[in-house]
Each structure stands twice: as structure tokens, then as C-alpha cells.
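Asks: What follows is a structure written as C-alpha cells; I'll ask about it next.
The values are calculated or read from the model by the stated rules, or taken from the named source; none is laboratory data. Please read these numbers as outputs of a predicted model, since none were measured by experiment. Quick reminder, even Gly has a Cβ in these numbers, built from the backbone with ideal geometry, and neighbours come from all protein chains shown. Please note that ligands, DNA and RNA were not included when accessible areas were found on the heavy atoms of the full protein model with its side chains. Shrake-Rupley method; radii C 1.70, N 1.55, O 1.52, S 1.80 Å.
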Amino acid sequence: MVLQRVIRAVIMGPPGSGKGTVSARITKTFGLQHMSSGDILRANIKEKTELGLLMKSCIDQGQLVPDDIMSRLILNDLRKIDNSGWLLDGFPRTVSQAEALDHVYSVDTVINLNVPFQTIKERLTSRWTHIPSGRVYNTDFNPPKVPGLDDVTGEPLVQRDDDRPQTVTRRLKSYETQTEPVLEYYR
């Protein structure tokens, strides 16, 4: 019988640094479950849960969701895959969240994507999404064939609230002050 080690990892980086893209490659290569705090947040907002409405208000103001709410959401989902290896994307974002995670699980490794804020601003403010399918376009390097319309359906593209220039700037400032200490915590 071969025992396989369960890997529990965290990927970090500012919003828009490419965590989702890199996470997809890591989870495929190592057979890990991918858990994105952004996906969990958007699902709760879409379903208009009580927490979802509270979170939408925070995000629209460029703020991060309060630690206790994020920790409850993520730890609850982790319990559902308790015996699996996983990669957390976008959590923890504060030292308090890291401590809550460490209280329940042992993190094996932390991956940090160090991308300049100016590059992120350019990427995110150029990003447009076809909401029903989740297809993402970038007006700089992956534009739709017809500006403003999805290539497959011809339906309108939208810029998510958290991709608007003012919101991006606020989110990056929040990341810098609240999340960079987490990197020090894990060092």
C-alpha cells in the first residue's frame, strides 16, 4: 500500500495578480482541490445570501470582507474536503485569518505572486466579462472580435464592479496594508 501525503497550500498575491490562472495549473499538476475565496464570495453575492449582501457592500467600497466572516466561510468549506489536499486562493488575507486557519489546519507551503501594482491596474481595468458563461476578455491582449460583445453569443460584456479603476486602487491599498503582513507571518 502506498501512502500519499496530503498537501495543504496557500497561494498569495494582490487581486488580479494571476492567482486563479496559476492555481488551475497547480491543482491539475498535483491533484489538489482548489478553493477560491473570490469564487465563494461571488457565489454568496449572486445568491443574495445575508452574508453575500454584506460582502457586496464591502467589495463595492473597495474594502476586504471582515475576518470573522471570511474565516467562517472558508473553514466551513474546508471541512467538507477535510481529507483532501487543497490550494487556498485568496485566503488568508490577514494575520487574523491566518491564525484562524492555523488553529484548524497545518499549511505546508505558501506561494507568493509578486506582481507590480501598476501592471495589475492595467490588467484589471481592461478586463470585461460575459457573465452567463464566465468568459473573460482583456481589451489589451485578448479583445473580443466585436468590442463590447461576447465572441460566442454576441451578448454584451460587462466590467465587474471590482474591476473598475477606483475599486481596483482601493483593493490594492487594502491588500498592501492588510495582506502583506500575512507573508511575514508565514516567513
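Asks: Taking a threshold of 29 Å on the Cα-Cα distance, which of the pairs Lys28/Lys173; Lys80/Lys173; Lys145/Lys173; Lys56/Lys173; Lys48/Lys80 fall above it? It would help to have the intermediate numbers written out before the result.
Replies: Working: Lys28/Lys173 32 Å; Lys80/Lys173 33 Å; Lys145/Lys173 34 Å; Lys56/Lys173 18 Å; Lys48/Lys80 22 Å.
Distance filter (> 29 Å) returns Lys28/Lys173; Lys80/Lys173; Lys145/Lys173.
Asks: Continuing with this model, one more query. Could you work out the local net charge near Arg160, counting Lys and Arg as +1, Asp and Glu as -1, over the other residues with Cβ closer than 11 Å to its Cβ?
Replies: Local charge sum for Arg160: -1.
Asks: Further question: At 1.4 Å probe size, with every protein chain present, just tell me what the per residue accessible area of the range 1-117 comes to in Å².
Replies: Ligands and nucleic acids excluded, the result is 54 Å² per residue.
Asks: Report the net charge of residues surrounding Asn112, where surrounding means a beta-carbon distance below 15 angstrom and charges are Lys +1, Arg +1, Asp -1, Glu -1.
Replies: Details: positive: Lys19, Arg93, Arg187; negative: Asp89, Asp108, Glu176, Glu180, Glu184.
Here the charged neighbours net out to -2.
Asks: Restricting to DSSP H runs of at least four residues, report the calculated mean residue ellipticity at 222 nm for the chain, -39500 (n - 2.57) per run over all residues, nearest 500 deg cm²/dmol. Show your work: numbers first, answer last.
Replies: Numbers: 8 runs with 87 residues, N = 187.
Mean residue ellipticity, 222 nm, calculated: -14000 deg cm²/dmol.
Asks: Let me ask something else about it. Please report the spacing between the Cα centers of the range 59-125 and the range 144-160 in Å, no decimals.
Replies: Centre-to-centre (Cα) distance: 30 Å.
Asks: Still on this structure: Rg and Dmax of the range 48-115 over Cα atoms: what are they, in angstrom?
Replies: 13.1, 37
Asks: Using heavy-atom solvent-accessible surface (probe 1.4 Å) with all chains present, what is the largest-first order of His130, His34, His103? All intermediate terms of the calculation are to be shown ahead of the outcome.
Replies: Numbers: His130 5, His34 75, His103 155 Å².
My answer, sorted largest first, is His103, His34, His130.
Asks: Within the range 35-139, list the trypsin sites (Lys or Arg not before Pro) lying in a DSSP loop whose Cβ has at most 16 other Cβ atoms in a 10 Å radius. Don't skip to the end; give the middle numbers.
Replies: On the way: sites: Arg42, Lys46, Lys48, Lys56, Arg72, Arg79, Lys80, Arg93, Lys121, Arg123, Arg127, Arg135; in loops: Lys48, Arg93.
For trypsin sites (Lys or Arg not before Pro) across the range 35-139 that sit outside H, G, I, E and B with at most 16 neighbouring Cβ atoms in 10 Å, the list reads Lys48.
Asks: Taking H as built 1.01 Å from N, whose amide H comes closer than 5 Å to the amide H of Arg135, not counting residues under 5 places away?
Replies: Amide H neighbours of Arg135, under 5 Å, 5+ apart: His130.
Asks: At a 10 angstrom cut-off on C-beta neighbours, averaged per residue, how do the peptides 12-20, 179-187 rank from highest to lowest?
Replies: On the way: 12-20: 20.9, 179-187: 14.7.
Result, highest mean first: 12-20, 179-187.
Asks: Convert each backbone phi in the range 99-106 into a coupling constant with the Karplus relation 6.51 cos²θ - 1.76 cosθ + 1.60 (shift: θ = phi - 60°), then list the ³J(HN,Hα) values in order as whole Hz, x for Gly and Pro.
Replies: My calculation for the range 99-106 gives 5, 4, 5, 5, 5, 10, 10, 9 Hz in order.
Asks: If you don't mind, there's one more thing I want to ask. List the residues whose amide H sits under 5 Å from the amide H of Gln33, counting only those 5 or more places along or on another chain, with H placed 1.01 Å from N in the peptide plane.
Replies: Close amide H contacts, sequence-distant or interchain: Gly85, Trp86, Leu87.
Asks: Also: With Cα extents along the principal axes in Å in mind, check [x] 54, 39, 34; [y] 84, 25, 25; [z] 61, 45, 23 and report the label derived from this structure.
Replies: Computed from these coordinates, Cα extents along the principal axes in Å corresponds to label [x].
Asks: While we're here: Taking θ as phi - 60°, what are the ³J(HN,Hα) couplings along the range 21-35 by the Karplus curve (6.51, -1.76, 1.60), each to the nearest whole Hz, with x for Gly and Pro?
Replies: Values per residue, Gly and Pro as x: 5, 5, 4, 4, 5, 5, 5, 5, 5, 9, x, 9, 7, 9, 10 Hz.
Asks: Continuing with the same structure: Carbon and sulfur together cover what percent of the accessible area of the chain at a 1.4 Å probe radius? Walk me through the numbers on the way to the answer.
Replies: Details: 5560 of 10670 Å².
Reported share for carbon and sulfur atoms: 52 percent.
Asks: So what's the net charge close to His34: Lys and Arg +1, Asp and Glu -1, counting the other residues with Cβ under 15 Å from its Cβ? Numbers along the way, then the final one.
Replies: Details: positive: Arg8, Lys19, Arg25, Lys28, Arg42, Lys80; negative: Asp39, Asp77, Asp89.
Every neighbour counted, the sum reads +3.
Asks: Work out from phi, with θ = phi - 60° and the Karplus expression 6.51 cos²θ - 1.76 cosθ + 1.60, the ³J(HN,Hα) of each residue of the range 143-148, listed in order in whole Hz, and give x for Gly and Pro.
Replies: For the range 143-148, the Karplus curve yields x, x, 4, 10, x, x Hz.
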